[in-house]
Amino acid sequence: MNTQGLSDTAALLLADDKGLLAMDESNATCNKMFAKLGIPQTIESRRAYRELLVTTPCLGDAISGVILYDETIRQTNSDGTPMAEAIIARGLVLGIKVDTGAMNLAGHPGEKVTEGLDGLRSRLADYADMGARFAKWRAVFAIGAGLPSSACIEANAHALARYAALCQEAGMVPVVEPEVLMQGNHSIERSFEITDHVLRTVFDHLHAQGVSFEGMILKPSMVLPGSSALSQEPLEKVADATVRCLLRSVPAAVPGIAFLSGGQTGELASSRLNEMNVRFRSRLPWQLTFSFARAIQNPALAIWQGQDSHIKAAQQALYRRAICNQAARRGEYDANMERNSAEAQLSLA
Ligand code: 13P
């Protein structure tokens, strides 16, 4: 294993307070988003949308790397350039989602196990040939009565560790994503307890499989109350609970923690990341960054609506969300930036 090469890639992904743009929705998820907005659910619409995202002017100001879905990495931009090539030429690090989805876990109603280990070594070699330098695998954990079960936590942690070891063998940085889902009416304390248990188990398995912590990035959920819980907590409480939970379970050797947004609004996701960085940035062993999909893309998608004439405005919205999240990494985010970021306007002028 080339541990120095892996650390170098991880450092590149974390440099200059930039973050990751997750744009690796499966076709089914992408089609669902399109259907809500009346956008045709076709391979060409998905291609055009992804081209819009990756050709956003100045995207690299705030985004270090992008995570693609298998369909996209094989597509070309409208000028005929392979999408992967165009991304790399813009100085963005190319990433790829390599799990094949979360399936029902046998014998455990309401729980999922993520699949995709079969044939993964050769798929990783193909993606590396296409220029990918990092890869993502997402496991999900629902909170409910008696959930998640230890069967679900163990099965997913084991798969995450096997995937991460294979990535590193292929010279790619694993972005290890154990997502504790927001859906439900649980308290922030329960979310803390489950996230703590999940992360400890994941790191036990990563260690057992010989994964180099220096050459990986963790992509967790924030510690939040359930989205239908009566009490939604203030920023300080979410920041405290999330950082306290991570400090208990994530080894200091891990260089970066890149949160998913998980269905939070863009503004809330940025405010919470900002709060963590304001309060703790100078005394944490790892960098706290973002690997958002919805919390970067949503305004752009809503503006685009499948119309060529909306592309420029959609790209401006994407750029603004990216810049806002970079500010949150620095602890310099202010919700007013969402509306009138002079910096965002200027850079695109
Ligand atoms: P969200 O930020 O929309 O939760 O997506 C992140 C992601 O990559 C999910 O796998």
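The values are calculated or read from the model by the stated rules, or taken from the named source; none is laboratory data. What you see is a predicted model, and the numbers here were worked out from it, not measured in a lab. Don't worry about glycine lacking a Cβ; one is built from the backbone with ideal geometry, like all the others, and counts go over all protein chains shown. These area figures cover heavy atoms from the full protein model, side chains too; ligands, DNA and RNA do not enter into them. Shrake-Rupley method; radii C 1.70, N 1.55, O 1.52, S 1.80 Å.
Given the conditions (1) surrounded by fewer than 24 Cβ atoms within 10 Å (Cβ to Cβ); (2) outside any helix (DSSP H, G or I); (3) of a type outside the set (Val, Ile, Thr), and given that residue 240 satisfies all but one, which numbered condition is not satisfied?
In the conditions (1) surrounded by fewer than 24 Cβ atoms within 10 Å (Cβ to Cβ); (2) outside any helix (DSSP H, G or I); (3) of a type outside the set (Val, Ile, Thr), residue 240 misses (2) alone.
Residues that are more than 16 Å from the ligand (Cβ to nearest atom), under 21 Å from residue 8 (Cα atoms) and more than 20 Å from the chain's Cα centre (by Cα): does segment 101-118 have at least one? Working first, answer last.
Quick first cut of segment 101-118, residues more than 16 Å from the ligand (Cβ to nearest atom) only: 104-111, 117-118.
Imposing the further condition that a residue be under 21 Å from residue 8 (Cα atoms) reduces the set to none.
Checking segment 101-118: not a single residue is more than 16 Å from the ligand (Cβ to nearest atom), under 21 Å from residue 8 (Cα atoms) and more than 20 Å from the chain's Cα centre (by Cα).
Given the conditions (1) part of a helix (DSSP H, G or I); (2) surrounded by fewer than 21 Cβ atoms within 10 Å (Cβ to Cβ), which single one is not true for residue 210?
The single condition residue 210 does not satisfy is (1).
Looking at (1) open to solvent by less than 10 Å² (accessible area, probe 1.4 Å); (2) away from the ligand (no atom under 13 Å from the Cβ); (3) over 20 Å from residue 191 (Cα atoms), which one does residue 246 not meet, given that it meets all the others?
The single condition residue 246 does not satisfy is (3).
Table: residues versus (1) in contact (Cβ under 8 Å) with a residue 12 or more places away in the chain; (2) within 16 Å of the ligand (Cβ to nearest atom); (3) surrounded by fewer than 18 Cβ atoms within 10 Å (Cβ to Cβ); (4) not β-branched (Val, Ile, Thr).
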{"position": "266", "(1), (2), (3), (4)": "yes, yes, no, yes"}
{"position": "271", "(1), (2), (3), (4)": "yes, yes, no, yes"}
{"position": "280", "(1), (2), (3), (4)": "yes, no, no, yes"}
{"position": "287", "(1), (2), (3), (4)": "yes, no, no, yes"}
{"position": "296", "(1), (2), (3), (4)": "yes, yes, no, no"}
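Quick test of your reading of the structure: residue 59 fulfils all but one of (1) closer than 24 Å to residue 319 by Cα; (2) within 18 Å of the chain's Cα centre (by Cα); (3) within 16 Å of the ligand (Cβ to nearest atom). Name the failing condition by number.
Among (1) closer than 24 Å to residue 319 by Cα; (2) within 18 Å of the chain's Cα centre (by Cα); (3) within 16 Å of the ligand (Cβ to nearest atom), residue 59 violates only (3).
Quick one: residue 174 ticks every box in (1) touching a strand residue (DSSP E or B) at 6+ places or on another chain (Cβ under 7 Å); (2) farther than 27 Å from residue 239 by Cβ; (3) crowded, with 20+ Cβ neighbours inside 10 Å; (4) in contact (Cβ under 8 Å) with a residue 40 or more places away in the chain except a single one, so which number is it?
(2)
Would you tally the residues in segment 1-26 being under 20 Å from the mean Cα position of the chain (by Cα), away from the ligand (no atom under 15 Å from the Cβ) and open to solvent by 20 Å² or more (accessible area, probe 1.4 Å)?
Of the residues in segment 1-26, 8 are under 20 Å from the mean Cα position of the chain (by Cα), away from the ligand (no atom under 15 Å from the Cβ) and open to solvent by 20 Å² or more (accessible area, probe 1.4 Å).
Does segment 77-95 hold any residues that are open to solvent by 60 Å² or more (accessible area, probe 1.4 Å), free of Cβ contacts under 8 Å to residues at least 12 places away in the same chain and outside any helix (DSSP H, G or I), and which are they?
The one that is open to solvent by 60 Å² or more (accessible area, probe 1.4 Å), free of Cβ contacts under 8 Å to residues at least 12 places away in the same chain and outside any helix (DSSP H, G or I): 79.
Is it the case that residue 147 is at pLDDT 95 or above and more than 15 Å from the ligand (Cβ to nearest atom)?
The answer is yes for residue 147.
Taking residue 197 and the conditions (1) open to solvent by less than 30 Å² (accessible area, probe 1.4 Å); (2) touching a Pro at 6+ places or on another chain (Cβ under 9 Å); (3) in a helix (DSSP H, G or I), which numbered condition does it fall short on, given that it satisfies the others?
Against the list (1) open to solvent by less than 30 Å² (accessible area, probe 1.4 Å); (2) touching a Pro at 6+ places or on another chain (Cβ under 9 Å); (3) in a helix (DSSP H, G or I), residue 197 comes up short only on (1).
(1) more than 16 Å from the ligand (Cβ to nearest atom); (2) open to solvent by less than 10 Å² (accessible area, probe 1.4 Å): which one isn't true of residue 256, the others all being true?
Result: residue 256 fails condition (1) only.
Which number in (1) surrounded by 14 or more Cβ atoms within 10 Å (Cβ to Cβ); (2) assigned to a helix (DSSP H, G or I); (3) of a type in the set (S, T, N, Q) marks the one condition that residue 29 misses?
(1)
Open to solvent by less than 50 Å² (accessible area, probe 1.4 Å) and more than 29 Å from residue 165 (Cα to Cα): is that true of residue 52 in this structure?
Values: open to solvent by less than 50 Å² (accessible area, probe 1.4 Å): yes; more than 29 Å from residue 165 (Cα to Cα): yes.
In short, yes.
May I ask you to verify whether residue 306 is among the small types (Gly, Ala, Ser), more than 15 Å from the ligand (Cβ to nearest atom) and either buried (at least 24 other Cβ atoms within 10 Å of the Cβ) or within 30 Å of residue 215 (Cα to Cα) (or both)?
no
I'd like the residue in segment 96-138 that is more than 14 Å from residue 169 (Cβ to Cβ), assigned to a strand (DSSP E or B) and small (Gly, Ala, Ser) and, out of all such residues, is most open to solvent (accessible area, probe 1.4 Å).
Filtering first and then ranking leaves 102.
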